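Undergrad: Questions regarding the structure given below will be posed in turn.
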Protein chains: 2
Amino acid sequence: MIDGALLIGGESRQASDRFTAVNPASGETLTPDFSSARADAVAEACALAEAAFPAFAATDLEARAAFLEGIAQNILDIGDALIERAMAESGLPRARLEGERGRTVGQLRLFAGVVRQGDFLDATIDPAQPERAPLPRPDLRRINLAIGPVAVFGASNFPLAFSVAGGDTASALAAGCPVVVKGHPAHPGTGELVARAIQQAVKAAGLPAGVFSYLPGETNELGGALVADPRIQAVGFTGSRAGGLALARIAAERDEPIPVYAEMSSINPVVIFPAALAARGAALAKEYVASLTMGAGQFCTNPGLVLAIDGPELDAFVRDAGAALTDSQPATMLSPGIHASFEKGVEALASHSAVTTIARGKVGEGVNQAVGALFQTTAEQFLADVALSHEVFGSSSVVVRCASIDEIIAVVGKLEGQLTATLQLDPADEADAAKLMPVIARRVGRVLANGWPTGVEVAPAMVHGGPFPATSDGRTTSVGTLAIARFLRPVCFQNLAPALLPAALRDDNGWSIARRLDGKREASPR
Amino acid sequence: MIDGALLIGGESRQASDRFTAVNPASGETLTPDFSSARADAVAEACALAEAAFPAFAATDLEARAAFLEGIAQNILDIGDALIERAMAESGLPRARLEGERGRTVGQLRLFAGVVRQGDFLDATIDPAQPERAPLPRPDLRRINLAIGPVAVFGASNFPLAFSVAGGDTASALAAGCPVVVKGHPAHPGTGELVARAIQQAVKAAGLPAGVFSYLPGETNELGGALVADPRIQAVGFTGSRAGGLALARIAAERDEPIPVYAEMSSINPVVIFPAALAARGAALAKEYVASLTMGAGQFCTNPGLVLAIDGPELDAFVRDAGAALTDSQPATMLSPGIHASFEKGVEALASHSAVTTIARGKVGEGVNQAVGALFQTTAEQFLADVALSHEVFGSSSVVVRCASIDEIIAVVGKLEGQLTATLQLDPADEADAAKLMPVIARRVGRVLANGWPTGVEVAPAMVHGGPFPATSDGRTTSVGTLAIARFLRPVCFQNLAPALLPAALRDDNGWSIARRLDGKREASPR
């Protein structure tokens, strides 16, 4: 089932450049070897995507929804081979990957529902007012149209839910955009299995083959060529800050610049308010370390920063967290490269003159294992060196001792943009939290209380985004139904004959969707 | 009433650098002279805007709506002095400026209605599902929050409707964003009168003074410093392609890049289909020249390109349009600079080897007058030199003779992004138009039939935007209620206590707005 091919539209093709995947738990090279796509394959896939665009964008809502459900079913039909291959390529445990498969399939089905509902079209009709003085008002109708072919860059840390058929692909296809996936080189077998599932769904749905292509590879040139291709109209990316910024630069320098939705880096501050710290510091310490070390800390929403007021309660919290971390087991990281970056980041913190190491986790026998790391510093020192606020991807976190709520607020106000911020608070802390809210809401995409940031619900109200550098575009989200908005743009039709209007804008409302009439929204029908 | 000051928050201050405005109709310098803002004023205005942001963003809907209405009333209260000053500074006639004042006031009132309605908040609630297996769903609530202080660059061609209190300012204030306006140097007296009206409205509403500042000036450094200021979070701009791109570059190179909404250049293709050309070519020729020469052609939506099939009907159309243009009166342009650019653009077309001059309009006695210009070429020649598709701001237009509908479609498919495209068609043309629709819809923000692109309705369904280079961000509009979306970003609140939630997200829905509950929208209450 895995033969290392590029999937270009309906075709499957071997390339002469090859690369291999590594089992990070053993360091062993996995078979088979894989095609590494070059510029010619990019051009071919993009040409097919462009050719497929008009027909795919014009599919009716039911056909597009059924196509998304077809992908979901095909992924399930791969069966355990998908889980086993993903385990071998990522070092992630079975239960995690089974859960992630459920989420991936759930996302595709959720977007099928979004498509059927039709609210994403934002269909808006201002009827003509022929009698208006001094000038009559024309008939104006607005709808969101698909933006064009989309390039998707899979992430290593969610080889299913944020990769080939992940949230970016699901939302772009739901919008009516063909997708060209740049396959992540850390899990090419997993990627190929999923890509074939999509390719089969395209064929079964009778769609043009160019609706989907899959280009695995390990070179930066591949990604650059894809973003630079003039047929690509938007980019979805999840990965490192350096990678996201490089793609954003290429996109901005095109003759026609295009939007890049890059989800990049975040340290996800957790503020522990005094009453909560006093009442349940010991429990919080354990939860914190559990969230920090879950999945070897390889989450975009990993709690990399804790802010609390200095004093005996914080001393106890630090002691308890340190004890929990000391007992934490080492865990295989996703790739040798990610492991090396983690080690480098931890070493930089450990050797920083303003930082004290609270604890390290257990050291294991295996290769590429994250050993948890917990550090502390003061607010003053934290603010004095921006390097202390840079993400260390993995189970590393810094506790910052602050003098007061005002100092916590000052630190939060100077943080870069974040995906999340967490408040641990008891009712007695609410007045303090209210002072922090306007400051923290400006820095993040999601504020959560009395939980931990890891674990991102896929839902209409979710925002997995945030100001730069959490993302390259803080006006959007990459998780949840709102993610579809990234791949749409509004177009207005003035005085067009019904036959020339998109179906959703005709008077008969044949798709039975909720619309906005003369400025007033109708309720969703479903 | 006009003393040439900078308005920084609630203050009025003279700067040592000065500049003057010119009456384009006479070439005479107008009094008084004006302060030209420098970097220190930018920093001060931005600091005040930042300080004002939390309180302004937290205003309730009624207070913010009333503030917008207060601005509108204050502008009306200036009375005829505003019209007379704008006439002197722009060369535009009284009726046009009175109409533009009506539109400016109408936009502010429209956005007051948008604010009261509250749909722009996109309030979305996914109630907790504590019983869900395997994991409970948290309580998730999402809302659009104001993005932060906004920089607005006024346009010269709408000294009221797209300047100090124009669409960008109205939509940014409606979103809850403080605004720092970089005043256009072509109409500083008009700008100051309107800026004082806003300043007074800020004071009357009891808002922090930093909600609005006005920085006139004539240097590129002023605009650059404003966009580079770290407190500015978004930019609204209407003007030249070179100007918009320069600001976009500065914004992209900031430590924290920010969105730039620049409305730049468009030649607004008009396709005349065969049946329409045969049936009413003479009338279309007259309407075309009327649209082309209206306001000296100084509209973003000026019809700069006509596409039609070669033949005797097109010969007649060209003859009729040429005759109408030959009879057209010269008209004063907005500024000596715009006039010089127009002359240069017309001269480049007139001397182009692949272009024939059809006609020129009447030459007048006055200075800075546009003399209409009508050219023709073939599709083949048009496609061979991209310079032929560049905007010439003013009453200059090119008729492109095409061999067939397929050639028209090919030309449209190769055009850069446009604000509008116009179809002149009769019922017999609908089959041809249907072939063109998917191609043309990708290139533009608005498609209109059997009208002319000049004249942009301010309404919920309007899109005054379009792919690059019509704008720097084709996902939005700068006219109509959707323009508010440019200055918002979504934030999610998870398991927050009611006291810490924005009012619009609390269970009691105290603002009585329509929300989305568990993925389903409610109808707008008003």
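Undergrad: What is the number of the single condition among (1) in a loop (DSSP other than H, G, I, E, B); (2) touching a residue at least 24 places away in the same chain (Cβ under 8 Å); (3) within 9 Å of chain A (Cβ to nearest Cβ) that B:THR454 does not meet?
TA: Of the numbered conditions (1) in a loop (DSSP other than H, G, I, E, B); (2) touching a residue at least 24 places away in the same chain (Cβ under 8 Å); (3) within 9 Å of chain A (Cβ to nearest Cβ), the odd one out for B:THR454 is (3).
Undergrad: How do the pairs read when you match residues in the range B:190-202 that are without any contact (Cβ under 8 Å) to a residue 40 or more places away in the chain and on the phi > 0 side of the Ramachandran plot with residues anywhere that are among the aliphatic types (A, V, I, L, M) and surrounded by fewer than 21 Cβ atoms within 10 Å (Cβ to Cβ), using Cβ under 6 Å and keeping only pairs 6 or more apart or on different chains?
TA: none
Undergrad: Here is a further query. Every residue in the range B:134-170 that is closer than 23 Å to B:VAL42 by Cα, in a loop (DSSP other than H, G, I, E, B) and more than 14 Å from chain A (Cβ to nearest Cβ), please.
TA: Across the range B:134-170, the qualifying residues are B:GLY154, B:ALA155, B:SER156, B:PRO159, B:LEU160, B:PHE162, B:SER163, B:VAL164, B:ALA165, B:GLY166.
Undergrad: With respect to B:ALA81, determine if the residue is assigned to a helix (DSSP H, G or I), touching a residue at least 24 places away in the same chain (Cβ under 8 Å), small (Gly, Ala, Ser) and farther than 28 Å from B:ALA175 by Cα.
TA: Yes.
Undergrad: Filter the range A:489-511 for residues that are in a loop (DSSP other than H, G, I, E, B) and within 10 Å of chain B (Cβ to nearest Cβ) and give the result.
TA: A:ASN495, A:LEU496, A:ALA497, A:LEU501, A:PRO502 - these are the residues of the range A:489-511 that are in a loop (DSSP other than H, G, I, E, B) and within 10 Å of chain B (Cβ to nearest Cβ).
Undergrad: Do the conditions hold for B:THR301, that is, is it closer than 23 Å to B:GLY445 by Cα and part of a helix (DSSP H, G or I)?
TA: Answer is no for this residue.
Undergrad: For the range B:341-366, name all the residues that are within 15 Å of B:THR326 (Cβ to Cβ), assigned to a loop (DSSP other than H, G, I, E, B) and of a type in the set (D, E, K, R).
TA: Residue satisfying the conditions is B:LYS362 alone.
Undergrad: Would you mind stating whether A:LEU110 is touching a Leu at 6+ places or on another chain (Cβ under 6 Å) and assigned to a helix (DSSP H, G or I)?
TA: Taking the combined requirement at face value, the residue does not satisfy it.
Undergrad: Still on this structure, please answer the following. Tally up the residues in the range B:398-451 that are in a loop (DSSP other than H, G, I, E, B), away from chain A (no Cβ under 11 Å) and more than 25 Å from the chain's Cα centre (by Cα), please.
TA: 2
Undergrad: Can you pull out every residue in the range A:512-526 that is over 25 Å from B:GLY113 (Cβ atoms) and either more than 8 Å from every other protein chain (Cβ to nearest Cβ) or surrounded by 17 or more Cβ atoms within 10 Å (Cβ to Cβ) (or both)?
TA: Once the filter is applied, which keeps residues that are over 25 Å from B:GLY113 (Cβ atoms) and either more than 8 Å from every other protein chain (Cβ to nearest Cβ) or surrounded by 17 or more Cβ atoms within 10 Å (Cβ to Cβ) (or both), the range A:512-526 yields A:SER512, A:PRO525.
Undergrad: Right, next: Testing A:PRO312 on (1) free of Cβ contacts under 8 Å to residues at least 40 places away in the same chain; (2) surrounded by 15 or more Cβ atoms within 10 Å (Cβ to Cβ), one condition comes back false. Which one is that?
TA: Looking at each condition in turn, A:PRO312 falls short on (2).
Undergrad: A further question follows. Have a look at A:ALA66, A:ALA52, A:ALA37, A:ALA25 and point out the one that is assigned by TED's automatic domain parsing to the domain that holds A:ILE143 and out of contact with any Gly (no Cβ under 6 Å at 6 or more places or on another chain).
TA: A:ALA66
Undergrad: Follow-up question, since we're still on this one. Could you list all residues from the range A:108-133 that are farther than 20 Å from A:ASP60 by Cα and more than 8 Å from chain B (Cβ to nearest Cβ)?
TA: Selection gives A:PRO127, A:ALA128, A:GLN129, A:PRO130, A:GLU131, A:ARG132, A:ALA133.
Undergrad: Of the residues A:LEU76, A:LEU7, only one is within 26 Å of the chain's Cα centre (by Cα), surrounded by 18 or more Cβ atoms within 10 Å (Cβ to Cβ) and outside any loop (DSSP other than H, G, I, E, B); which?
TA: Only one candidate qualifies: A:LEU7.
Undergrad: State whether the residues of the range B:207-215 include one that is among the aromatic types (Phe, Trp, Tyr), more than 27 Å from B:GLN298 (Cα to Cα) and under 20 Å from the mean Cα position of the chain (by Cα).
TA: For the range B:207-215, residues among the aromatic types (Phe, Trp, Tyr), more than 27 Å from B:GLN298 (Cα to Cα) and under 20 Å from the mean Cα position of the chain (by Cα): present.
Undergrad: In addition: Mind listing just one residue for me: the one in the range A:466-488 that is at the interface with another protein chain (Cβ under 7 Å from one of its Cβ atoms) and touching a strand residue (DSSP E or B) at 6+ places or on another chain (Cβ under 6 Å) and, of those, surrounded by the fewest Cβ atoms within 10 Å (Cβ to Cβ)?
TA: My answer is A:ARG475.
Residues checked against (1) touching a residue at least 60 places away in the same chain (Cβ under 8 Å); (2) small (Gly, Ala, Ser); (3) touching a strand residue (DSSP E or B) at 6+ places or on another chain (Cβ under 8 Å):
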{"residue": "B:ALA165", "(1), (2), (3)": "yes, yes, no"}
{"residue": "B:HIS184", "(1), (2), (3)": "no, no, yes"}
{"residue": "B:GLN233", "(1), (2), (3)": "yes, no, yes"}
{"residue": "B:THR238", "(1), (2), (3)": "yes, no, yes"}
{"residue": "B:ILE267", "(1), (2), (3)": "yes, no, yes"}
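Undergrad: Could I ask something else about it? Among the residues in the range B:20-42, are any of a type outside the set (Gly, Ala, Ser) and assigned to a helix (DSSP H, G or I)?
TA: Yes, the range B:20-42 contains a residue that is of a type outside the set (Gly, Ala, Ser) and assigned to a helix (DSSP H, G or I).
Undergrad: Quick one: would you say A:LEU92 is touching a helix residue (DSSP H, G or I) at 6+ places or on another chain (Cβ under 8 Å) and not in a helix (DSSP H, G or I)?
TA: It is true that A:LEU92 is touching a helix residue (DSSP H, G or I) at 6+ places or on another chain (Cβ under 8 Å) and not in a helix (DSSP H, G or I).
Undergrad: With in contact with a Lys or Arg (Cβ under 9 Å, 6 or more places away or on another chain), surrounded by fewer than 24 Cβ atoms within 10 Å (Cβ to Cβ) and basic (Lys, Arg) as the only criterion, which of A:ARG116, A:ARG109, A:ARG103 stands out?
TA: Answer to the selection: A:ARG116.
Undergrad: Name the residues in the range B:344-365 that are modelled with pLDDT of 95 or more, surrounded by fewer than 19 Cβ atoms within 10 Å (Cβ to Cβ), out of contact with any Phe, Trp or Tyr (no Cβ under 9 Å at 6 or more places or on another chain) and not basic (Lys, Arg), would you?
TA: Residues satisfying the conditions are B:GLU347, B:ALA348, B:SER351, B:SER353, B:VAL363.
The values are calculated or read from the model by the stated rules, or taken from the named source; none is laboratory data. For clarity, every value in this text was computed on a predicted model and none was experimentally measured. FYI the Cβ positions are ideal-geometry reconstructions off the backbone, even for glycines, and counts take in every protein chain you see.
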